[in-house]
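> This structure is in structure tokens; I'll ask about it shortly.
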């Protein structure tokens, strides 16, 4: 409807303009059409997208400015009897300058409507361009027309042409750089501005030649401005045009400001060499140069801020070294240029313990100190970056194998050097993986992955530094295959990758030798690799966020077996291990509830074992989670007690039922008096807190007797049995029960 009304209004204006010429009637019709368009634009623009609001605000202002200028011209035409001496002067000159300035701002904001980019200094470039164009036109007119150049009509045309030239230049640049040649709104605006500019040039030439008015030019100007008002109304009521590309060219803006400055300086020099006789020429040129220079200064400030922001975005805030983004960008540049490089991946060992024991402030200080030392250990072309957490990476030019190993050794020594924190010496270690383009394909992903595999190989072997080679590659490929197969096992019903099975290790009472429980220990029956121990895949499950699925599977199997024993008349408590990721996983309680409800196993027959390290990862969350578990009815055991950090401070608050002494204590119990003292103190403390004590790793009867003498409640280890599959466990239980019966009869 708006488009139809616009077409009718344009037809009436063209007809009246052709028949009657520029007069009050035409101007009144033009004003009426512009009022209607401005009203439509004002009302419809409020419903446009928020990002477009600023642009449409300027379009609205331009529309109402057109209305006011045409209304003023109509009034002047009526008062003067449609005489040219009063028509198309004051109203259109002021209106053209004001409306053009508003359209200039509108198109700048419209071009940025889909970007988080607001260039509030763009108007300086427009002002400078206008002043420079006005100076050039004034100089050229004065030199070509002499006295005719000083007429008021020529001056009015000069001002209007200058602002229109600036708007046209901005439109052309935006259309070309943002690829808007298929956007009817942009192209229509270009055509209409060109019509107005052409009409003004016709009038300008006529005024310069004889001071006479070319009425056709005024008709073109009026029609052009009304066309812009109607086009704006059509655009605001039309469906949004999807832009295939959003682009803002800072280069174009910079070049534009430079052109203004250079053009203005040239104009001042030319006027000094060949004076125009018009003082306004050097004044306009000087003002244009000032505006252009201000625009460049504005852009220089923005560029400096952008440079700072880019530097900050590529710098690690804690250590001041490069971050992962900067590291990857530099590596990509090296590889694109065909350069050979060496790469190191560094993981700080025992750093988390420092954070837990001494707090994050001490951990941050340690991280900064270690980063400074590692950076100092590098050659001038080496780049150190913090990849994340306690992981760093180093990039070296060239693939000199010996140099890379020497650098890795220097970095390792820098990490291992003691650091003074709170007047105490603290020492940590590191695991470093080294790779070069000689060992691996020259892609960022391959190099990072290879360095990561080498680093984990060094960590598992405890050797400090591992260079990526065929052995590491084979191990990496094997682990990748294991991860893929483990994901298949855990997320599908297919047995193509084997199945998880549970072996059980008995727990024996120290008082009467009876079997008082079993611990469920997972194994993986792999179709190609055979029976895999937990050490083969548990770290992979943890690293690739598969541990909650694995724990769910083990918990389900263990509960099923315990339920079967209970139905057979044997109430056999079963223990299942929980990792740190599982303890605080939101699905843990759903998994536990589902397993117990589906089996009807009493919660009291299930014990969940959590290591000291798991608890100390986040003590507050761990204590809350353990309290919720015990409230549900299951028991909690603190596994590997004595190998963690600061658990004693939380022991009074832990809702645990049992402490399990780590095998490092039981293995040294008979040979080390201090170990025996520690075990005795731990057992006494646990009993005073109402906890039972189970000793793991018991391999001989002398150790069992010593533990019993110290008050230990239960023992577990190869002395009694290795972990057994379900069928073998039942046979073992039956055999043990038979032996006990025979012993009782003999006794």
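Just so it is clear, none of the values below were taken in a lab; they were calculated from the coordinates. Just so it is clear, the structure is predicted and the values come from calculations on it, not from any experiment. Neighbour counts run over all protein chains shown; Cβ positions are idealised from the backbone, glycine included.
> Give the distance, in whole Å, between the Cα centre of segment 485-523 and the Cα centre of segment 626-641.
Answer, in whole Å: 19.
> What do you get when you divide the Cα radius of gyration of segment 694-747 by 2.2 N^0.38 Å, with N the number of residues?
1.30
> Ok, one more. What's the ranking of 391-401, 423-433, 667-677 by average number of surrounding C-beta atoms within 10 Å, highest first?
Highest mean packing first, the order is 391-401, 423-433, 667-677.
> Okay, next question. Which order results if 234, 132 are arranged by neighbouring Cβ count within 10 Å, fewest first?
With the sparsest Cβ surroundings first, the list reads 234, 132.
> Return a whole-number percent for the relative contact order of segment 476-630, with Cα pairs under 8 Å and 6 or more residues apart as the contact set.
19 percent
> Return a whole-number percent for the relative contact order of segment 569-681, with Cα pairs under 8 Å and 6 or more residues apart as the contact set.
Normalised by residue count, the contact order of segment 569-681 is 23 percent.
> Moving on to the next point. Within segment 709-723, list the residues whose amide N lies under 19 Å from a label point set 7 Å along Cα→Cβ of residue 509.
What the label zone holds, given the 19 Å backbone N cut-off, is 709-717, 720-721.
> Under the 0.36 nm per residue contour assumption, what length would be gained going from the current alpha-carbon distance of residue 653 and residue 238 to full extension?
Roughly 142.6 nm would be gained on extension.
> Principal axis extents for segment 540-663, Cα atoms only, whole Å, descending order, please.
Largest to smallest, the principal-axis extents are 43, 31, 28 Å.
> Order these by the 10 Å Cβ neighbour count, fewest first: 508, 268, 196, 746.
746, 268, 508, 196
> In what order do 352, 660 fall by count of nearby beta-carbon atoms within 10 Å, going from fewest to most?
If I rank by nearby Cβ atoms, fewest first, I get 352, 660.
> When only alpha-carbon atoms are used, what values of Rg and Dmax, in angstrom, describe segment 499-746?
Cα radius of gyration and Dmax of segment 499-746 are 17.9, 56 Å respectively.
> Here's another thing I want to ask about it. Taking the Cβ-Cβ separation of residue 531 and residue 403 as r and a Förster radius of 30 Å, what is the calculated FRET efficiency to the nearest 0.05?
0.10
> Using 0.36 nm per residue, how much length does the chain from residue 584 to residue 413 gain when fully extended, once their Cα-Cα distance is taken away?
Full extension from residue 584 to residue 413 adds 57.9 nm.
> On to the next question. Can you give the Rg to Rh ratio of segment 322-468, both from alpha-carbon atoms, with Rh computed by the Kirkwood formula?
Taking Rg over the Kirkwood Rh, I get 0.98.
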